[in-house]
1. Name the residues in region 145-166 that are within 24 Å of F113 (Cα to Cα) and buried (at least 16 other Cβ atoms within 10 Å of the Cβ), would you?
2. Quick test for you: out of G114, G106, pick the one residue that is in contact (Cβ under 8 Å) with a residue 40 or more places away in the chain, touching a Leu at 6+ places or on another chain (Cβ under 7 Å), small (G, A, S) and within 27 Å of K195 (Cβ to Cβ).
3. Could you list, in sequence order, the residues of region 40-57 that are within 17 Å of R126 (Cβ to Cβ), outside any helix (DSSP H, G or I) and of a type outside the set (A, V, I, L, M)?
4. For residues that are touching a Leu at 6+ places or on another chain (Cβ under 8 Å) and β-branched (V, I, T), scanning just region 43-60, find the one that is surrounded by the fewest Cβ atoms within 10 Å (Cβ to Cβ).
5. Kindly indicate whether R16 is modelled with pLDDT of 50 or more, outside any helix (DSSP H, G or I) and surrounded by 13 or more Cβ atoms within 10 Å (Cβ to Cβ).
6. Just to be sure, is N184 of a type in the set (S, T, N, Q) and free of Cβ contacts under 8 Å to residues at least 40 places away in the same chain?
7. D37 is checked against (1) assigned to a loop (DSSP other than H, G, I, E, B); (2) at pLDDT 85 or above and fails just one. What number does that condition carry?
8. Within region 125-135, can you find the residues that are exposed (fewer than 15 other Cβ atoms within 10 Å of the Cβ), touching a residue at least 40 places away in the same chain (Cβ under 8 Å) and within 20 Å of S81 (Cβ to Cβ)?
Amino acid sequence: MDVTITTGTGATDQDRKTPGRPRSARADEAIIEATLDLLASGTPVEALSIEAVAARAGVGKATIYRRWANKEQLIVDAVASIKGEAPAIVGTSVRDDLIALLRPIGQMRKNRFGMIMPCLLGELRRNPELARSYSKLTEPRRELLREVIRRGISTGELRADLDVEVAAAMLTAPLILQGMIAGNPALEGVDLPAKMVDLLLATPAGAAPPPAN
């Protein structure tokens, strides 16, 4: 498995090397995989321990602490390793770009990321440090969504008085609910990202500009 690992503080693998024995990429991957396996199996974040990760990865606790200062940084880096890059946006259609950005959210129930995120939700509310670190991971994608909405406003594809933050929340929150918390069986097989975008764009009461006189 090819895993790109960064730290919660933004340092690269090379940045964090210290004098002495060289770091083992195999150990890095084993620690990340062990963390993901424990979370995917339903281990709550508050119950996840460095000891359990070390035992599953077959390394000592000191090996983990040489790489990550605390559990929160390890969890964020583990989640980042499977989150992947943000989708490319073409820039020719606000509708198509919005759907492209939302589609990975709509597919969460089918992948490992979607299995893990329910374990994180409660802890993100209780643990400010974890919330701050996770926000740094998700903010670039949120900003991409804002950029597409702002572009639509500037080109006239979206109404001029549209609240960017509210529109972004309206598009993402239902997908998160469907994907991670309480999926509605009636929506199985529905292209929900496309339906959500089309509904928002359908009328001036949503995001569409008013009809020309």
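The values are calculated or read from the model by the stated rules, or taken from the named source; none is laboratory data. The model shown is predicted, which means the values in this text are computed figures rather than measured ones. Cβ atoms come from the backbone with ideal geometry, glycine included; neighbour counts cover every protein chain shown.
1. L145
2. Numbers: G114 fails: touching a Leu at 6+ places or on another chain (Cβ under 7 Å).
Just a single option satisfies the conditions, and that option is G106.
3. Selection gives T43, P44, S49.
4. We begin by selecting, within region 43-60, every residue touching a Leu at 6+ places or on another chain (Cβ under 8 Å); these are 45, 48, 50, 52-53, 56.
If we keep only those that are β-branched (V, I, T) as well, we get 45, 50, 53.
On the way: V45: 20, I50: 17, V53: 28.
This residue is I50.
5. no
6. yes
7. (1)
8. The one that is exposed (fewer than 15 other Cβ atoms within 10 Å of the Cβ), touching a residue at least 40 places away in the same chain (Cβ under 8 Å) and within 20 Å of S81 (Cβ to Cβ): E129.
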